[in-house]
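> Questions regarding the structure given below will be posed in turn.
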Amino acid sequence: MQRSAGIRGRGRLSVWQRLSVVLVFVVAVGCSSQEEEELPPTAQTSGIVLLDGEPLPDAQVMFHPQGQGNPATGRTEENGRFVLTTYEDRDGAVPGTHVVTIQIFPAGALPGMEFGEDGGGSPVPVEYADVSTSTLSATVEAGKPNDITLEISSE
């Protein structure tokens, strides 16, 4: 009796096997949809941040596109220079007009943490840290390297 049950069971898939097949199918369809989705192109974008005329090191720079596309980010080096990344390392920003935000995070802090009204002692005024209050803007042009100077004041 056990033998015939084993033979009959060979042609049938268990519930777990069926679920596995469905899961593999769903993942495959989901991945192929994302791969087929075309992302807006980027253009090489770099620059320098000057605070009161001096290079600003260790600042997070973010370009927020005013049209389609993802924001681009970069961190300034000791000389105030940055290179932006949108999808892949150092690929630049989506062409078009951007609102630019700049902020410095205290040691050990993570983006999104609040530091109080004074920005946690940052030399960068808090209005530059928020896309709704930043007065900085930049235009990224397609097909050419973009070198952008961002000048801000501590006052």
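> Name the one entry in 149, 139, 133 that is over 15 Å from residue 45 (Cα atoms) and modelled with pLDDT of 95 or more.
One residue alone meets the criteria, 133.
> Have a look at 121, 112 and point out the one that is open to solvent by less than 70 Å² (accessible area, probe 1.4 Å) and at pLDDT below 90. Write out each step before concluding.
Numbers: 112 fails: open to solvent by less than 70 Å² (accessible area, probe 1.4 Å).
Being open to solvent by less than 70 Å² (accessible area, probe 1.4 Å) and at pLDDT below 90 holds for just one of 121, 112, which is 121.
The values are calculated or read from the model by the stated rules, or taken from the named source; none is laboratory data. These numbers come from a predicted model, not from an experiment. In case anyone asks, the SASA skips ligands and DNA or RNA and just uses the protein heavy atoms, side chains included. Shrake-Rupley method; radii C 1.70, N 1.55, O 1.52, S 1.80 Å.
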